[in-house]
Structure formats: structure tokens, C-alpha cells
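Okay, structure first, notes after.
Bear in mind that the values in this text are calculations on the coordinates, not laboratory data. Note that the structure is predicted; figures quoted are calculated from it, not measured. Here the Cβ positions follow ideal geometry from the backbone for every residue, glycine too, while neighbour counts run over all protein chains shown.
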Amino acid sequence: MTVPDRASAVRAAPDPKPRARGRKSADKRLAIMRAAIEIINAKSFALATMTEIAASLDLRDATLYYYFPNKQALVYDCHVASLARFERLLAQADEAGGSGIDKLRRFLLMFLEDSQINGQQLYLGDYSYLEEAQRERIAGWAERLKNGLRGFIEEGMVDGSVVQSEPELVVQLMLGTLIWLAKWAPEVRSLTVPRLAGAIEAFAFHGLESRSI
């Protein structure tokens, strides 16, 4: 199965304001996006404010507006960055080979490890607040990535590593789990990637019902 190439994320009309340049500026943008994703995942786009995002980094509001003209532009970039990370992990899981179930397991573990290192990904439950062209780009990109996951499941159904099921629904269940982990996981004490991966393994790959029943 070949993961579809990512269409280039064409940005909205260029902002006339000067943009920050250089490695330090790139790191600052990433830090702002990481903070924004965590706050938006926890509170929603509507309730998150630029002031709150700036305060979480001990920055002034004006600093955020130097990097992003408004909250909508910031969150659009967060969506693009999250989808790019998702796509990279999907491609790496596919390139490593193995059965369909091997690829699914590898992707989920890599997703959790990436989130621990690089922070949460922005959930895709809602992006109605974006401009129409932005919504279309995000929706199209997300659908291509869903097709990649569906491909793993379909491969597994062919090679016998995945039970016969409805790939579309299984993908929705998997994405729902990953999307909401951003809200659930912080409430678990001393959470680690192995603990989380073990819980997903038990629930998604083995099922909760004891085989002795």
C-alpha cells in the first residue's frame, strides 16, 4: 500500500506584515503552535484566546501577532503542521513493511511517541472556523490520510492479520481515540507511552473480553 503524497498546503492570501525569519524565529513559531494546540484541544477554538496562548509562554500578545496575523491564521498553521506530522508517521509505518496489523500497530506507537516528543496534534473534529479555501484543503488532506489508514486495514484483511470488518468505521473509531486522547490523557497520573500503548493494544487489537469466556 502506498500512502498518497501530500498535496502542498497552499496558504491563504499572503499577509502584508513582515514575517519572522531564521532558526530562532522558526523555533518560536513552533513553540507558539504547540501551546496553541494544547489550549485549543482543551478548550476549543472559540474559547481559546491569543492572550491566553501568549501568557502560557510568558509572551506579550504583540509577540504572537508578529508571527501570526490572527488566531485563525495561527490555527490553520496548526492544522497544517499536525497533518504533515500524521502523514510522515503514516508513510514511515508503511515503508517499514509487514502485515496490515503490523503497520497499524507501528503507526499508533509512533503517533504516541511523536506526541510525547513534539506535543499534541490538533484534533480534526471541527475546522468550520477556517476560510472556505482552507477548509477544503484541510478536508481533502485529511481524507487522503484516512485512505492511508484504510489501506492498512484492507491489507490486513487480505493477508489475514486483521479480522473482516468495515474499514471506514474502524478508521473513524481509531481516529476518534487518537483525537480525544488529547483531552483524556492529561488526567491520567504518571502516564507513559508504554502504558498508553498497552491500553490501546488491549482495547483495539485484542478486545476487552477475556478469551476464557
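Annotations for the structure displayed:
- Fewest-first ranking of Arg23, Arg88, using other Cβ atoms within 10 Å as the exposure measure: Arg23, Arg88
- Extreme residue, positive dipole direction of the range 72-206, given options Asn147, Phe111, Ile101 (C-beta unit charges): Phe111
- Modelled spin labels at Ser99 and Asp126, positioned 7 Å past Cα toward Cβ, are 4.1 nm from each other.
- Cα gyration tensor shape of the range 72-206, rounded if a/c is under 1.5, else prolate or oblate by comparing a/b with b/c: oblate
- Extended-chain gain in nm, criterion 0.36 nm per residue less alpha-carbon gap, Leu169 and Lys24: 47.9 nm
- Computed extension length for Gln92-Thr192: 33.8 nm, one decimal, from 0.36 nm per residue of separation with the Cα-Cα distance subtracted.
- For the range 18-77 and the range 124-154, distance of Cα centres in Å: 23
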